[in-house]
Structure formats: C-alpha cells, structure tokens
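To start, the structure under review is shown below, and the notes come after it.
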Amino acid sequence: MPRDGGIGASTKRREDIRFLTGNGNYTDDINLRGQAYVHFLRSDVAHGRLRKVDASAAEAMPGVLRVFTGEDFVEIGGIPCGWQVTDRFGEVMQEPKHPVLAHGKVRHVGDPIAAVVAETRAQARDAAEAIVLDIEELPAVVDMKAALEDGAPKVHDDLTSNLCYDWGFVEENKAAVDEAFGKAAHVTTLELVNNRLIANPMEPRVAVADYNRSTGDYTLYTTSQNPHVIRLLMGAFVLGIPEHKLRVVAPDVGGGFGSKIFHYAEEAFCTFAAKALNRPVKWTSSRSEAFMSDAHGRDHVTRIELALDADNNFTALRTETHANMGAYLSTFAPSIPTWLHGTLMAGNYKTPLIYVNVRAVFTNTVPVDAYRGAGRPEATYQLERVIDKAARELGVDPIALRRQNFITEFPYATPVAVEYDTGDYHATMDKLEEIADLAGFAARRKESEARGRLRGLGVNCYIEACGIAPSNLVGQLGARAGLYESATVRVNATGGITVMTGSHSHGQGHETSFAQVISEMIGIDADQVEIVHGDTANSPMGMGTYGSRSLAVGGSAMVRATEKIINKARKIAAHLMEAAEGDIELKDGRFAVAGTDKSVAWGDVTLAAYVPHNYPLADLEPGLEETAFYDPSNFTYPAGAYACEVEVDPDTGRVTIERFAAADDFGNVVNPMIVSGQVHGGIGQGIGQALLEACAYDEQGQLLTGSYMDYAMPRAGDLPFYQVDHSCQTPCTHNPLGVKGCGEAGAIGSPPSVVNAVVDALRSAGHDITHIDMPLSPSRVWQAMQS
Amino acid sequence: MYAFEIDRPATLADALKALGAEEAQALGGGQTLIPALKARLASPARLVALSGVAEIKGIRTGENGALCIGGGTCHADVAAGAGAYPALAALAARIGDPAVRNRGTIGGSLANNDPSACYPAAVLGSGAVVVTTNRQIAADDFFEGMFTTTLEDSEIITEVRFPVPEVASYQKFEQPASRFALVGVFVAKYAGGVRVAVTGASEEGVFRWSEAEAALSGDFSPGAIEGLRLSGAGMISDLHGSGDYRAHLVAVMTRRAVAAAR
C-alpha cells in the first residue's frame, strides 16, 4: 500500500478544482490596464512577392495606434531555430531567415504580413481590412518530392534549393546495410505517409506583453510549455533583451501537445510593440488563426525495407523519408525527423544493421515541428507496419515474429546510437495478451461476422526515448540548448514547502504528482507542498515540458534539491538533539536518533532553520532552501505493446474501434491514475491520427482543412473504453526515481495497431490489401475495398 | 463580426415590417448565420431575430392528421414533440449537438438549404408543404439547388406541414469532421407511393431518387433496390469522399432506411 498522498497513490489532481470550476488563470484571463489589441493580417496566398503593403488608410481608422509591417522588423533578429542538423556529407543544414512579419515574400497561407494595434480588438480587425496589399502570386510548392525537383519554385530565394538537409544515419553503416539486403532471404517493403496533423489544444495561443518605461523591464505572458526557453530565444536572438530585464510567465495553459514549445512571431511582436507604443499589447488567436499559424506535426513520406534471414530474424532495416519542414524552421523542427526519429528505428528489436535517410524539405505550408511523440510515432508506425506486412508475407504470426526478434538483454546498444538501459518486452506482450483477451478474438470475429461486420485485430510494440536529454550528447547532435532541468525547494519556517520547478504543467498534473514525491521523501502530507511553475521570475532557469521529460528530468532535479534539504535538516536535527549527524534518521516526518526514543518533528527543524536561536551558526547557514539542476546521463526508454480490435462496415468502409488495450512499462509510477489519464489522452490522439485527422492543402497551397468543418477531431463517441496496464515495471536505472515518462506513449503506440487491425479485417473478407494510408476514413477504406 | 442593428419583433407582422428595411436579413436560430457573421463572411446592416415570434413556434396536428411544425420551432422541440412522426423526431434528435438543437430552427434550416442539412431530406421525402407569410409551397417546388430556395426576400417560413407516412426512416452517414450528412436518405412510404429524398450527395442539393421510389412503390423491401445505383457524376466530391463514394452510399443508406422504416 502506498502512503496516502505519497509515491504510488492515485491522488486526485488538486489542479482540477480550479480547472473544473472555471477558476483557472489562463493567459487570455490576464488583462493589463491600458492594454491595446493586435490583429495580424495574414497572407491568403501560399507564395507571393510582397510588392507593396500600404497601411495609410488603416492607420487613419478609428482607434488605431499603429500598423506595423515587415519593414519595421528589418533591423530586428528573426525567429531563431534551436537545432542545427549536419547532413550526410558533413554540411550544416540550410537555414532560412524567419522574419517576425513577412518581408519581401509571403511563404504560406497564414504568414503574418502586417500587425494592427488598436484600442479594441474589433478596431484592429477593421483596420486590417483597410490595408492595401499588392502581392505578385508565385507558384507554390506543396508536395515534398516536387519541391526537390530541378526548377521547382524556391520557398527561399537565397537558399540553393528547397532541401533543408539530406541526413544519413548511421552513414558509416550504409554499405553494410546494403550488403545485408543483398544477402537477405526475404525483404519486405512498404511505402507510407505519416499524415500531417494540427495539434488543436483546447486553448488557442495568446500573448500579452508589457513594458515598464521607468525600469526598462518587460513582461510577457504567453501560452508556453517552457517560459525560460522563450525568454532566452526571444530575448537573446530576436529582441536583444537581457534575461534580467525580461520576465516570461506561462500561467495555466490549456494543453500544448508540443505546439506550445516553440517561440512564435506573435510573442516577439507583442513584446516589441509594447515598448514601441508604451502600452500593454495583447493578442488572442482565433481558432481559424490557430489552424494556419500553430506549428503542425508529422508529415513524413517514407519507404521502409526490412530484411530477414531464412529463420525470420531481422537482419537489416533501411528507410528513406521525406520530412516536411513547412515554410520556415520552427524552433525544434530539424531535430524531429532526425534525432527523435532515426535513433528510434531499432524499436524493440535486435536488428543489427540500420540505415535511415531523411530529406527535410521546405514547402509553402505552415512550419512543422514536434507534436505529441515527435518523431517517435513516425518511427514506430513505419517499423510496426512493415513487421506486420512481413509476418503476412511469411505466413507467420505477427506476435511470434516480434517476440522472436525482441531485445532481451540490457543494457542494449542499438545500431542507431542509443543505449536502452532496461526493459522487458516479453513481459509487456504477455500482459497485453492477457488484458486484451487475444485468445477470445476468434469468437468475437465470428460474432461480428454474424452481424455483417468485418473484424480485425492489430498488435504492435513501441519504444520511445523520453527524459530528454543529456546536454553534452545533444550538444554534439546540434542542439543549441542544454536539456537539464532545475528545481528550487523552499522550506518555510513552519514546515510547508514551496517547490519552484522549471518543468511546466499544461494538463499533466505536476502540481499533484510532484507534491507526492516530496511527501514520500520527507514523510509529510502532500498538502504541505505547493508546486509553482511557469514564471521566470521565481523559478530557476528551466527547460520546460515536452518529450515526456518532466518527472524523469524535472522530478529528478526536485529530488536532488530535496536531498540537499534533508541533509541540511539532518544537521539541524542533530544539533537540536545533541546527537551525531550520522545517527539521525528521517521517518514519517520526524528526525529520530537511531536506537533511542529521541526525536524532533519536521516543523521543529524548519522553525529552527529560520529562528536560529539554538542553531549551529558557526557551521551552518540559517534558512532551508536549496536549488538543484539535473542533467540526465541517458534518455529513458518506456516501451509497451498495444492491441486494437476494429469492426469495418463493408458497405460503407466505416471503421469503429471495438477494443483497445495498452500494456506499458513506464518504470516506477508516482500516480497511477494520472498515468492512466496520460495514456488515455495519448491513445485518443493516436486513434485521431489513425482514423480521423488530416491536414490537407490543395496544389496552390490553400489550407483545405482550416476549420472543424473539415479537420476531423476525435470525439468521445469515436473512442472505446480502454484496457490500460502499467504494472510491468523495469525501473529506469539512471534517474533517482526510476521513472521513464508516460505523456507521449499512447500517441506513439496506438496508430500502428489501428491500421494493422483494419488491414486484418479487410483481408479476412478476401481483400488483397496490404496498406491504407492514414487517416482510415470511411471513403479511403471503401476505396481500398473497390480495387 | 461587423457591427449591425438588430430588431427583436414579437409578432409576425412586426417581423415582416422590420424585414422591409433596407439590407435587413432574417435571423432564425443563427446556427449558420452567426458563424458566418463571426468569420466576417456576411455583413448585413440589420438583423431581424425571429426567436421572439411566438406564433411561428410549436407543433400541432393539422388537416388529415398532418404534423404541422412552426417555422421557428427548434430541433430539440421537434425531437421531443414530433412523436406522431417518429422518423422526423429521430432526424431532429440527431442534428448537430444539444446547443445546435436548442437554437437551430426548422425554418432557418430550410431557408438556408445547406446541401448537407438533414431537414431538406425530410421535407422533400415527405412531400411536405412549406407555408410562408405569402403562400404555400410544395416541397417539390421549394428547393432550387445548393443554398437556394424559391423563397423571396422578406418571406418568412411560418409552418411546415408533414403528411404522416405509414412508415419512414432517415439514415444519415456522417461526414467525419462536421458531422453533417455526407449522405442522408429519407424514405417515406405513403398509401400513394414511396418517396426517397437524398441530402449531402448532389451538387444540386437535396433531390428525389425517382428510380428507387418506383421500385420501392412496387415492393417496399431492401431487395427491391438491390443493384440499383446512381452515377457519381454531379455528386459532391471533396476531401471526405468522391462522387462515386457518395453515389454508392446513397444506395446503401436507402436500403438501410427501407429496412429500418417504422
């Protein structure tokens, strides 16, 4: 039994009280005295030369304070990219300029051309319509392969082509991989698309910026997953504001899914304009703007080949991927199809030779960057689809083929540069077979068929790399930032604790689960612990929340700081009880002298730290506050096995998910209820990708899915009740909590099983179908059945 | 949204008077018009809200047992109050979501004639009569293609009179994103024959499938239309399905409607 409110307890989320009663404090809830409103005039063409932006009529409109155009930002730094990828020939990637407001050219529908700041939102919008644009429309490039052809229109005139980079990994292995394919007994090949997605957090992006003329201080309130990163990127690279004069606050944030990691032009604009106008400036994205200005996700086109020997052992894997960057490089865009994708291509299998080629391409579309899973879903999808196809071609059971090739000894160094510290893939597969009742599938299929429905079963495994990341390693790989995390643990005089963490919670429940960790370590009630995050003014420099890193990295920093606290408190307790420090034990919130009945309470010690009348002042500073930075020595490697059962209506092609089971290994689990919720949410998004969601452009680069009328979001009725289990636990070997991360697993692990299941269902009715690209909409499934 | 004036008449007479003003536009439940205003795709100078006009709300039984629904009646009220015509009540219960059903009205839906809306299929499939402030319009004469009807400016739908069939069913196949009808088929069997109306599919808006009607009038069973199909030409083709797919779905949904008709 876990202690009440400690590690392992399914404590209800304390933050939900304010979220569910409408008492959250989101960025749009922040209104500053005298604030003005900005409306961005956005390009409605995908590619064009900006010949003239005439704002004279707009500036004369009622309430207008000023109209800004790209001209105003010529002397200002552009939006920076945080990762530089080096290509297979040793050259650094092509890195285009990314102005705050378009200058010279517009490069995607939604590219901001001008910004009107006015007394009211409506006045700003009215005036934006009065701006006269002269745009010479240019042919757009939308398709990635077409964008790389000779003579294709160039998104950026000053680059040599639309190729950002041509990455090979591991380049030194290429010849050996090719040779292995030459010797293979069987090769399975699959071409597939990992569909482009739009994150669609419930809360759209918002920025409110303030400038204090008398002190020169700036404050930016913004919808961010990582306020310190925004402070650094915007302050240092765009506006030239030193960190000590710039405070960035990300208060309650209504979902991010990656799309709120990045530094966006609108944040820089509001901060710039606040000073220029000496007024607070606010921008609230409309949902329509979100569709065309939030970074999109995925959008890979891949050819994957799997080589097997005569005994069905995987001998080599080779992939060629085109990855869409969109029109500009978003903050972490170059790293997603490379270091977060290529390094995961081994999956759960001991394939000895792997070569991954990725060509990143500029197109006249919204920039593409991390979306829940970020590179790892793309890796998992292609690998788990090609294994399923191989099993079918070889006439072997897809689970048996996977089991035969599982990695079973740890640590395991993959041929793609990462070392899995721990795992047990047979255990999660065993658990999956149990909770998914795979033995009962045949009977369920029969029952479906009696109702005229086709039933299919799809299974897949996944592995991901979380807890990003060792800073020295990512530095070598091109990261322009460290990826440690920080925490300050402030113990108050009466024993309560305030933790300032660099992690950011935007739905993950850190305020609850982080408090459980402290409660466990000290033995005090969790409600004695407050978790504070999201404000650069009170947290130490932190890197924020993404890549399922918060507990593994941020939690570890908090543990380290708390250990320092306990060590110091033990010294104080020893002094109070006139005992040797080595004899002091902390248990259930009391410091006791081992082997005696002498003890002092936690509160006695904390009070002594701040009222140091009886205190070893010669040896110890008063106070009880410690900060730690934690830089992980490796990634963490959550893994698991998922199963999906679908029914297909053979008359309409409609797919319904009948059963879904997930057996995950997240290492140790702090709050099982929160973990289940994270898995549920991830699976919902994964099923959304597999069945419903797709961002589509036409050939002219017009966004066809610019609203919920055409962009299909999953709804409750589209999703089944899930069987989720995380009782298989191989603790991470290198962080103090033994935790791995759970935020993205569901989104990574679910799409392949859905597609595998639909293919299985269609084949059960004699359709010779090996693949359908996501989303498996009714019309696509029906179309596949016609051929 | 641009600024506009709004009138809230309490009587039909006042509503008509208000609609006589220059650039005035009637506002029913606003489920189409308000989003269009918010997106600045429409800019009427004056809106005349019909939601306060009590005399065009409600459900009554008319001549020959016809179910008569006031033009200002919202979908939720039809779902709850059209028990005499279960297929119609079921259709209303599945339009949009609860918020839409408690604001959107039958008159507003018909006047808008969205090619993917549900009500046009029921009206055409039932051979209903659309009663306006000026006249009575047979369903067959009312719809004139996508977003177009025979309604004139300043003409308000006051009532829709549905002859109640022996059995009927509406089968909607939802577009995955909007949940409007990708294809919706309304089948109603009357003593004088069967009517089959299709929404969501055609570029011309709601239409009757006369071959299916003929076949079903002779033999009201799914088997009677087995093998009967429409051409995909002239059908809507978009992200969510080709014309051929829609044509196929029309046949599937028609068979299912016949099988489900109560």
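Laboratory data are not the source of any read-out in this text; all were calculated from the coordinates shown. The structure presented is a predicted model; accordingly, all values stated were derived computationally and were not measured. Reconstructed Cβ throughout: ideal geometry from the backbone, glycine too, with neighbour counts over all protein chains shown.
General remarks:
- Computed over region B:167-261: relative contact order in percent, which uses C-alpha pairs under 8 Å that are six or more apart: 31 percent
- Label positions at A:D619 and A:E119, each projected 7 Å from the Cα along the C-beta direction, are separated by 6.9 nm.
- Residues whose placed amide H lies under 5 Å from that of B:V167, excluding near-sequence neighbours: B:K189
- Once the C-beta distance of B:R94 and B:A21 is scaled by a Förster radius of 45 Å, the resulting FRET efficiency is 0.75 to the nearest 0.05.
- Debye, to nearest 20: dipole size of region B:55-162, +1 on Lys, Arg Cβ, -1 on Asp, Glu Cβ: 440 debye
- Within the shell defined by Cβ-Cβ distances under 12 Å, the residues around A:V418 carry a net charge of -2, with Lys and Arg each +1 and Asp and Glu each -1.
- Cross-link pairs A:K52/A:K154; A:K105/A:K245; A:K568/A:K598; A:K97/A:K174; A:K52/A:K145; A:K564/A:K598 - those with Cα-Cα distance over 26 Å: A:K105/A:K245; A:K97/A:K174; A:K52/A:K145
- Hz values of 3J(HN,Hα) by residue in region B:92-106 - Karplus curve (6.51, -1.76, 1.60), Gly and Pro given as x: 4, 5, 10, 7, x, 10, x, 5, 4, 5, 8, 10, x, 10, 5
- Under the criterion of Cα pairs below 8 Å and six or more residues apart, the relative contact order for chain A equals 16 percent.
- The distance linking region B:211-241 with region A:174-188 is 52 Å (Cα centroid to Cα centroid, whole angstrom).
- Built amide H within the under 5 Å cut-off of B:I137, gap 5+: B:V130, B:V131, B:T132
- Taking a ≥ b ≥ c as the square roots of the Cα gyration tensor eigenvalues, region B:127-262 comes out oblate, since a/c reaches at least 1.5 and a/b does not exceed b/c.
- Cut-off under 5 Å, modelled amide H: who pairs with B:E174 long-range: B:L182
- Between A:A580 and A:A400, the modelled label-to-label distance comes to 6.4 nm, taking each label 7 Å out from Cα in the direction of the beta carbon.
- Note on B:I6 and A:T770: their simple-model spin labels are 6.0 nm apart, each label 7 Å out from Cα toward Cβ.
- Note, ³J(HN,Hα) from phi for region A:423-433, Karplus 6.51, -1.76, 1.60, rounded to Hz, x at Gly and Pro: x, 8, 6, 5, 5, 5, 5, 4, 4, 4, 4
- Tensor-based shape of region A:695-779 (alpha-carbon gyration tensor, a/c under 1.5 rounded, otherwise prolate or oblate): oblate
- Residues A:D588 and A:T21, FRET efficiency given R0 of 25 Å [Cβ-Cβ distance, rounded to 0.05]: 0.15
- Loop-located trypsin sites (Lys or Arg not before Pro) in region A:435-526, at most 15 other Cβ atoms within 10 Å (DSSP): A:R451
- Longest segment of chain A lacking GluC sites (Glu not before Pro) that sit in a DSSP loop with at most 15 other Cβ atoms within 10 Å: A:150-408
- For region A:578-656, the set of trypsin sites (Lys or Arg not before Pro) satisfying both a DSSP loop assignment and a count of at most 16 other C-beta atoms within 10 Å is given as A:K598.
- DSSP-loop trypsin sites (Lys or Arg not before Pro) across region A:165-235, with at most 10 other Cβ within 10 angstrom: A:R213
- Taking Cβ atoms as reference points and 11 Å as the exclusive limit, the residues near A:S471 contribute a net charge of -2, counting Lys and Arg as +1 and Asp and Glu as -1.
- Distance from the alpha carbon centroid of region B:120-147 to that of region A:35-73 works out to 47 angstrom.
- Gyration tensor (alpha-carbon) shape descriptor, chain A, a/c threshold 1.5: oblate
- Comparing mean-square fluctuations of B:K189, B:K57, B:K17 from a GNM of chain B with C-alpha springs under 10 Å, the top value falls on B:K17.
- Net charge of neighbours whose Cβ lies under 15 Å from the Cβ of A:A716, counting Lys and Arg as +1 and Asp and Glu as -1: -1
- For region B:5-49, the relative contact order is 55 percent, taking Cα pairs closer than 8 Å that sit 6 or more residues apart in sequence and dividing their mean separation by the residue count.
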